Amino acid sequence: MELLKQRILQDGKCYPGGILKVDSFINHQMDPNLMMELAREMVRIFGRRPINKIVTIEASGIAPAILTGYLMQLPVVFIKKKQPKTMDRMLSAVVHSFTKDRDYTVCISADFLTPADRVLFIDDFLANGNAAKGVIDLCAQAGAKIEAMAFLIEKAFQHGGDYLRSAGVDYTALATVTSLDDCKIELE
């Protein structure tokens with residue numbers, strides 16, 4: 001998606017260790033017009049699939065997931081990084097965050113992820129695929145079917161996409177970063 005690629009090149013910042021900061025327009029301060037265009041692209045790609053629920057992990061995937069859910073008229077449920085005391089019938093998985101270099105126990109209520117669900121998972125980044133692995137685990141526990149996974153940005157050099165392809169998961173990234181070597185952003 002050219003609009004997103006241009007924005008990454010214009011406003012993205014690279015830091016040592018393979019970190020791409022897009023916090024000025026995606027995951028700290030958000031550009032709602034860009035988010036709506038990204039959601040429209042998700043609808044264009046996934047709108048004809050038999051999806052009945054959109055799932056994301058808090059927090060950076062919530063905005064594109066909600067806008068996509070609005071356009072597709074589907075419910076959106078987000079996987080929580082902290083277990084609420086009031087959550088009934090909790091399903092949980094451990095996810096390692098590349099950016100924060102720590103493990104999270106993520107959870108979702110089995111009331112909102114069921115065997116009847118055909119899921120589109122939306123997140124901001126695909127790096128090593130750890131969040132995606134957690135979602136795959138949660139969907140398996142719930143008996144839900146993952147129809148597809150969508151990411152705003154894939155960092156292809158971190159091989160999460162390789163994992164998803166080998167696992168037979170249908171996924172799409174709206175922009176793919178092929179390298180951040182020498183803190184220079186290179187896109188596919």
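Residue-level check: of (1) touching a Ser or Thr at 6+ places or on another chain (Cβ under 6 Å); (2) in a loop (DSSP other than H, G, I, E, B); (3) buried (at least 21 other Cβ atoms within 10 Å of the Cβ); (4) not β-branched (Val, Ile, Thr), Leu113 misses just (1). Across region 71-99, the qualifying residues are those that are polar (S, T, N, Q) and touching a strand residue (DSSP E or B) at 6+ places or on another chain (Cβ under 8 Å), and the one among them that is surrounded by the fewest Cβ atoms within 10 Å (Cβ to Cβ) is Gln83.
Inspection of region 12-23 finds no residue satisfying the criterion of being surrounded by fewer than 18 Cβ atoms within 10 Å (Cβ to Cβ), more than 17 Å from Thr99 (Cα to Cα) and free of Cβ contacts under 8 Å to residues at least 40 places away in the same chain. Asp101: closer than 22 Å to Lys21 by Cα, without any contact (Cβ under 8 Å) to a residue 24 or more places away in the chain and more than 16 Å from the chain's Cα centre (by Cα), yes or no? It is true that Asp101 is closer than 22 Å to Lys21 by Cα, without any contact (Cβ under 8 Å) to a residue 24 or more places away in the chain and more than 16 Å from the chain's Cα centre (by Cα). Arg7 fulfils the conditions (1) in a helix (DSSP H, G or I); (2) touching a helix residue (DSSP H, G or I) at 6+ places or on another chain (Cβ under 9 Å); (3) farther than 18 Å from Val177 by Cα; (4) not β-branched (Val, Ile, Thr) except for a single criterion, (3). Does Ile45 fit the bill of being surrounded by fewer than 19 Cβ atoms within 10 Å (Cβ to Cβ), without any contact (Cβ under 8 Å) to a residue 12 or more places away in the chain and within 16 Å of the chain's Cα centre (by Cα)? The answer is no for Ile45.
Within region 55-75, at least one residue is without any contact (Cβ under 8 Å) to a residue 40 or more places away in the chain and among the hydroxyl-bearing types (Ser, Thr, Tyr).
Throughout, read-outs are computed from the coordinates displayed, never taken from laboratory work. Quick caveat, the model's predicted, so the values are computed rather than measured. Here the Cβ is made from the backbone with ideal geometry for all residues, glycine too, and neighbour counts use every protein chain on show.
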